[in-house]
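What follows draws every value from the coordinates through simple rules; no lab data is involved. Not measured: the values here are computed from a predicted model. Positions of Cβ are generated from backbone atoms using ideal geometry, with glycine treated the same way; all protein chains shown enter the neighbour counts.
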């Protein structure tokens, strides 16, 4: 069964982003809504979908845990098929959603089905477990990739990520004092969450524009 899609942004946009949610919150969580609103305001078409376990939480009110990220790849493929994007497509998502997308990106990019990969807060490791890295496949990733990360993200801080051997196709942009939702502490950083999301969205639009060339 193809997952239902939630759309934002102009229907005639040149580029479509297909984004999946993180492990613990749905596709319309406050963080996903805020990021999507910022991206749509830059003229990008954004489609969101939910993995089956999260959709089941909506229907039965349960709190079933997420399955292993690797097992969700078929659902991401199904969402791409359901989307039927007519123009350039970038896949990705927040946290686990971006991780799942990163596992299938090279296959899709090699077949000309996607132009790039966008990750909002990549989960480089579980919080407080910096030795349990989720980066092996990122060392050889060939798909043009943009990762936006908060500098104090407990899933991978700026200092930690600097020591990883990541592919040259990956560009990481840091949002000062941002957490896993990219939110800064204004009294410390001088920025607001809206500031960071606006910065992110402008950069993503420029990046996707360059991918089309």
- [ ] Within region 36-66, which residues have the backbone N less than 18 Å from the label spot 7 Å out from residue 81 along Cα→beta-carbon, could you tell me?
- [x] 49-53
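Any chance you could run the full-extension gain for residue 107 through residue 209? It's 0.36 nm times the residue separation minus the Cα-Cα distance, nm to one decimal. Could you put the intermediate results ahead of the total?
Numbers: separation 102, 0.36 × 102 = 36.72 nm, distance 2.20 nm.
Between residue 107 and residue 209, full extension yields 34.5 nm more.
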Open item on the list: Take residue 33 and residue 186, extend 7 Å from each Cα along the Cα→Cβ direction, and tell me the distance between the two endpoints in nm.
Closed with: 1.9
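Rounded if a/c is under 1.5, else prolate if a/b is larger than b/c, else oblate: which is region 1-101, with a ≥ b ≥ c the root eigenvalues of its Cα gyration tensor? Display every interim value, and only then the final one.
On the way: a/c = 1.93, a/b = 1.51, b/c = 1.27.
Cα axes put region 1-101 in the prolate bin.
For n ≥ 4 DSSP H runs only, could you compute -39500 (n - 2.57) per run for the chain, divide by its residues and tell me the 222 nm figure to the nearest 500?
Working: 7 runs with 74 residues, N = 213.
Helices in the chain give a 222 nm mean residue ellipticity of -10500 deg cm²/dmol.
Counting other beta carbons within 10 Å of each residue's own, what order do 90, 46 fall into, fewest first? Before the final figure, lay out each step's value.
Details: 90 27, 46 23.
Fewest to most other Cβ atoms nearby, the residues stand as 46, 90.
Which of rounded, prolate, oblate describes the chain, given a ≥ b ≥ c as roots of the alpha-carbon gyration tensor eigenvalues and a/c under 1.5 marking rounded, otherwise prolate only if a/b is larger than b/c?
Values: a/c = 1.21, a/b = 1.13, b/c = 1.07.
It is rounded, given that a/c, with a ≥ b ≥ c, falls under 1.5.
Taking only C-alpha pairs under 8 Å that are 6+ residues apart, what is the relative contact order of the chain in percent? Don't skip to the answer; put the middle values down first.
Working: 422 pairs, mean separation 38.8, N = 213.
Result for the chain is 18 percent.
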Task: Relative contact order of region 87-140, defined on C-alpha pairs under 8 angstrom at six or more residues apart (%) - done: 35
- [ ] Rounded to the nearest Å, what's the spacing between the alpha carbon centres of region 74-146 and region 174-213? Just the number, please.
- [x] 19
